[in-house]
Amino acid sequence: MEQLGRYRLLEELGSGGFAVVYKAESVGEDRARVAIKCLHANLTHEDPGFLESLREEARICSLIHHHNVVRVYELAYEFDVRGEPQY
């Protein structure tokens, strides 16, 4: 499969109205397994307020540390073929 930043995408786990979720692993020594949520580009390109809400949600979620809650490590983007950021 393809690589996204410092992660190798292993398989698609699911998709919905907001995003596609992939099982991935970090490239390098640790090869940590993670889930990566790739938002549909139209959400961030067409609604400037959405990106600010996304950043605030990621910030708040990264503060939660509980064994029953998925941990947020980072909010990042890669540029797509048109040069637009893909979150």
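The values are calculated or read from the model by the stated rules, or taken from the named source; none is laboratory data. As the structure is a prediction and not an experimental result, all values here were calculated from the model. Here Cβ is always computed from backbone atoms with ideal geometry, including for glycine, and neighbour counts include all displayed protein chains. Surface areas here come from the heavy atoms of the whole protein model, side chains and all, with no ligands, DNA or RNA. Shrake-Rupley method; radii C 1.70, N 1.55, O 1.52, S 1.80 Å.
Quick look at the numbers
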| read-out | value |
| --- | --- |
| Subset of segment 1-28 that is open to solvent by less than 50 Å² (accessible area, probe 1.4 Å) and not in a strand (DSSP E or B) - its residue that is nearest to Val69 (Cα to Cα) | Gly16 |
| Residue that is farthest from Tyr22 (Cα to Cα), among those in segment 36-52 that are open to solvent by 70 Å² or more (accessible area, probe 1.4 Å) and modelled with pLDDT of 85 or more | Glu52 |
| Tally of residues being among the polar types (S, T, N, Q) and in contact with a helix residue (DSSP H, G or I) (Cβ under 8 Å, 6 or more places away or on another chain) across segment 9-61 | 1 |
| Condition check for Arg31: open to solvent by 60 Å² or more (accessible area, probe 1.4 Å) and closer than 17 Å to Leu4 by Cα | yes |
| Qualifying positions in segment 27-61 - among the small types (Gly, Ala, Ser) and over 14 Å from the mean Cα position of the chain (by Cα) | Gly28, Ala32, Gly49, Ser53 |
| Test result for Arg55, open to solvent by 40 Å² or more (accessible area, probe 1.4 Å) and over 18 Å from Asp80 (Cβ atoms) | yes |
| Segment 46-65 residues that are over 18 Å from Ile36 (Cα atoms), paired with ones that are open to solvent by less than 70 Å² (accessible area, probe 1.4 Å) (beta carbon under 7 Å, 6 or more apart) | Phe50/Leu43; Phe50/Thr44 |
